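Step one of this worksheet: look at the structure below.
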Amino acid sequence: MVANIINIENEKTKKSRIVSYEEALELIGFGQVQIEVLFAMGFTLMDVITETMGIGNLIPPATCDLNLTGTTKGLLTSMVFFGIVFSSYIFGYLGDTKGRRYVIIRTLLLAKVFTFIAVFVQNVTIFMACRFITGIFLGGYSGVMWAYLGEFNTSKYRPAILSWVGVFIGVGYTGIPFIAHLLNGYDWRFALYTGYEFRPWRLGLMIYAVPGIIGLLFCIRLPESPKYLLSIKKDNEAYQAVEWIHKVNKGNVKHADFDIKALKTEDSATVNDFKGLKGIVISLIDQTIPLVKPPYLLPFIACCMLQFGTFFISAGLGLFLPDILNKLSKYRDETCDVGSECVYHVCDVAGYDFHQDMNITANNEICNDSVDSSVYEKMIVLGSVYICMYVVIAAVMNRQRRKYIIAITFILSSTFGFILPFVYNQMFITISFILTIITAGMNITLINGAACDIFPTYLRSMAVSVSMLVGRFGSTVSSNILGNLLDEYCYFTYNVCAVVALICFAMSFIVTK
């Protein structure tokens with residue numbers, strides 16, 4: 001009898017408890033919802049990679065079609081990044097005030113619309129404008145997605161989950177050249193209107209948008225982040241979302257089995273009473289000021305600088321890598337005798353006047369848009385190495401190991417960057433290129449994981465989005481430096497990348513101590 005009374009009292013206490021969101025997730029456990037969120041944000045992240053980096057593999061076959069020069073190549077590769085830089089701040093604000101899912105779904109949809117518009121545009125200026133607008137909406141989901149993903153997982157699983165999603169980066173890097181390689185073997189074209197031909201590289205641009213569509217379909221099913229809802233005092237909606245997570249993870253068990261009465265409220269930003277434009281401006285300022293004041297100022301600056309360096313190296317070099325490898329192959333074929341040993345460096349191709357496989361454009365100008373198939377094979381290797389590295393990191397990841405991984409990878413990137421201009425022959429050059437890019441690029445997920453741990457819920461989306469904004473700005477700076485200076489100042493340009501990685505190595509200790 002006494003035992004039964006004790007059990008009844010324990011059951012009453014159990015069913016009336018009020019817990020924090022973190023405790024609620026621990027009680028529910030890791031399950032189907034967390035996996036669905038991982039795949040949703042994984043495909044969304046893959047879309048970010050294919051949209052931003054895929055153009056680098058399409059530039060060689062699009063050279064004649066769009067009449068591209070070295071300068072316009074640099075502009076074209078950076079237009080998406082310009083768009084991201086332009087919009088990331090405001091979308092970071094919206095992610096913290098309107099919702100993570102709210103921003104992700106709308107920006108994903110609009111980005112895909114303008115990607116498909118670009119496919120059917122012939123004029124290079126309008127094409128660049130479409131890419132810029134795509135970048136504007138990419139600035140929405142490319143930053144907010146990290147906060148959304150992190151907030152569905154407890155601190156126990158968050159570091160590993162934010163690393164596992166990086167595997168999708170590797171899949172994206174592998175899929176980009178794989179698709180380009182498949183399409184490169186075809187030279188069909190369809191004239192849809194005067195002056196426009198639908199060619200294989202345009203189909204590739206369409207295919208690169210598919211991961212975003214898949215991610216969008218996943219997101220439609222998922223709820224808003226309960227942690228975000230708590231931060232804006234929507235406690236009842238947060239409770240309902242947590243209850244839904246419980247039902248899905250536990251196989252749709254009855255409501256009676258959900259033994260949490262309510263969720264504890266979260267810290268939130270101060271809400272101003274002003275309406276209209278004035279209210280928005282004041283809200284933006286209120287949302288930004290905590291990031292530029294102690295205790296968040298120094299880690300915020302460090303996250304921004306680390307993302308700048310990461311994107312400067314991985315995205316900047318990565319965008320031009322297919323074009324550089326293609327030039328190396330043509331240089332070897334034009335200058336090296338068959339069967340004899342040939343020694344050349346990456347800077348030997350800078351500014352070299354190629355003569356093989358020349359075509360005459362409609363304006364009677366000489367143009368070369370042929371692509372060596374081995375270039376795509378090397379890019380597939382790059383993506384495969386990315387996958388392997390992210391799997392290894394995810395398997396061993398925790399907060400303690402993260403601080404060592406970030407520092408070690410940046411020092412390795414700097415080392416390979418310094419030796420890159422001095423190694424000889426295509427195999428050694430390719431290896432140095434891949435290691436320089438990968439050891440820097442794999443830090444994107446690690447830095448965002450650190451930011452999700454450092455900043456509170458009501459600042460997290462803004463902090464990640466702005467740091468990613470600075471990172472994308474690093475991509476635009478790097479791609480334009482490469483596009484304009486590489487031919488004349490080759491050694492200096494590659495050494496700049498190595499120095500940037502060295503600076504990031506020093507900065508890494510601020511966010512990982």
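The values are calculated or read from the model by the stated rules, or taken from the named source; none is laboratory data. Since the model is a prediction, treat every value here as computed from it, not as a measurement. Cβ atoms come from the backbone with ideal geometry, glycine included; neighbour counts cover every protein chain shown. Note: areas computed on protein heavy atoms with side chains; ligands, DNA, RNA excluded. Shrake-Rupley method; radii C 1.70, N 1.55, O 1.52, S 1.80 Å.
Out of curiosity, is LEU203 at pLDDT 85 or above and of a type in the set (A, V, I, L, M)?
Yes: the conditions hold for LEU203.
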- Could you tell me which of the residues LEU58, LEU75 is in contact (Cβ under 8 Å) with a residue 24 or more places away in the chain, farther than 21 Å from GLY170 by Cα and hydrophobic (A, V, I, L, M, F, W, C)? LEU75
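Tell me the helices (runs of 4 or more DSSP H) entirely within the stretch 197-254 that contain at least 3 residues that are open to solvent by 40 Å² or more (accessible area, probe 1.4 Å).
The qualifying helices (runs of 4 or more DSSP H) are 200-207, 210-221, 235-249.
Just the residues that are in a helix (DSSP H, G or I), small (Gly, Ala, Ser) and buried (at least 24 other Cβ atoms within 10 Å of the Cβ), please, taken from the stretch 158-174.
Across the stretch 158-174, the qualifying residues are SER163, GLY170, GLY172.
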- From the list THR154, THR194, pick out the single residue that is more than 17 Å from the chain's Cα centre (by Cα), surrounded by fewer than 22 Cβ atoms within 10 Å (Cβ to Cβ) and closer than 20 Å to ARG100 by Cα. THR154
- Leading residue by the ranking (surrounded by the most Cβ atoms within 10 Å (Cβ to Cβ)) among those in the stretch 440-456 that are aliphatic (A, V, I, L, M) and part of a helix (DSSP H, G or I): ALA440
- Conditions: (1) in contact with a strand residue (DSSP E or B) (Cβ under 7 Å, 6 or more places away or on another chain); (2) open to solvent by less than 80 Å² (accessible area, probe 1.4 Å); (3) modelled with pLDDT under 75. ASP372 meets all but one. Number of the miss? (1)
- Looking at the stretch 54-96, which of its residues are closer than 29 Å to PRO223 by Cβ, of a type in the set (Ser, Thr, Tyr) and open to solvent by less than 10 Å² (accessible area, probe 1.4 Å)? SER87, SER88
- Task: Hey, can you tell me all the residues within the stretch 32-44 that are in contact with a helix residue (DSSP H, G or I) (Cβ under 7 Å, 6 or more places away or on another chain) and open to solvent by 10 Å² or more (accessible area, probe 1.4 Å)?
- Result: GLN32, GLU36, LEU38, PHE39, PHE43
- Query: Which one is nearest to GLY135 (Cα to Cα), of the residues in the stretch 97-111 that are in a helix (DSSP H, G or I) and open to solvent by 10 Å² or more (accessible area, probe 1.4 Å)?
  - Reply: LEU110
- Is there any pair linking a residue in the stretch 295-312 that is under 17 Å from ARG460 (Cβ atoms) and assigned to a loop (DSSP other than H, G, I, E, B) to one that is open to solvent by 10 Å² or more (accessible area, probe 1.4 Å) and not aromatic (Phe, Trp, Tyr), with Cβ under 8 Å and at least six apart or on different chains, and which? TYR296/PRO290; TYR296/ILE454
- Task: Pairs only if they're at least six apart or on different chains, beta carbon under 7 angstrom, first in the stretch 314-332 and over 14 Å from LYS73 (Cα atoms), second small (Gly, Ala, Ser) and surrounded by fewer than 24 Cβ atoms within 10 Å (Cβ to Cβ); list them, first residue then second.
- Result: SER329/SER374
- Matching residues in the stretch 394-415 - criterion: being crowded, with 23+ Cβ neighbours inside 10 Å and either without any contact (Cβ under 8 Å) to a residue 60 or more places away in the chain or among the aliphatic types (A, V, I, L, M) (or both): MET397, ILE406, THR409
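Regarding GLY172, is this residue touching a residue at least 60 places away in the same chain (Cβ under 8 Å) and at positive phi?
No: the conditions fail for GLY172.
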- Could you tell me whether LYS275 is of a type in the set (Lys, Arg), surrounded by fewer than 19 Cβ atoms within 10 Å (Cβ to Cβ) and modelled with pLDDT under 80? yes
- Would it be correct to say that PHE418 is crowded, with 16+ Cβ neighbours inside 10 Å and over 22 Å from GLY170 (Cβ atoms)? yes
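Would you check if there is a residue in the stretch 327-338 being among the hydroxyl-bearing types (Ser, Thr, Tyr), within 30 Å of ALA463 (Cβ to Cβ) and either part of a helix (DSSP H, G or I) or open to solvent by 60 Å² or more (accessible area, probe 1.4 Å) (or both)? Outline the logic, then answer.
Here is the first cut: in the stretch 327-338, the ones among the hydroxyl-bearing types (Ser, Thr, Tyr) are 329, 331, 335.
Checking the rest, the ones that are also within 30 Å of ALA463 (Cβ to Cβ) come to none.
There is no residue in the stretch 327-338 that is among the hydroxyl-bearing types (Ser, Thr, Tyr), within 30 Å of ALA463 (Cβ to Cβ) and either part of a helix (DSSP H, G or I) or open to solvent by 60 Å² or more (accessible area, probe 1.4 Å) (or both).
Okay, residues lined up against (1) in contact with a Cys (Cβ under 7 Å, 6 or more places away or on another chain); (2) open to solvent by 30 Å² or more (accessible area, probe 1.4 Å); (3) at pLDDT 85 or above:
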position: MET427; (1), (2), (3): no, yes, no
position: ILE438; (1), (2), (3): no, no, yes
position: SER467; (1), (2), (3): yes, no, yes
position: VAL470; (1), (2), (3): yes, yes, yes
position: GLY474; (1), (2), (3): no, no, yes
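Do we have GLY83 as under 15 Å from the mean Cα position of the chain (by Cα), part of a helix (DSSP H, G or I) and closer than 30 Å to PHE258 by Cα here?
No; evaluated as a whole, the condition is false for this residue.
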- Item | Condition broken by TYR491, with the remaining ones in (1) over 14 Å from ALA302 (Cβ atoms); (2) in contact with a Leu (Cβ under 7 Å, 6 or more places away or on another chain); (3) of a type in the set (Ser, Thr, Tyr) satisfied | (2)
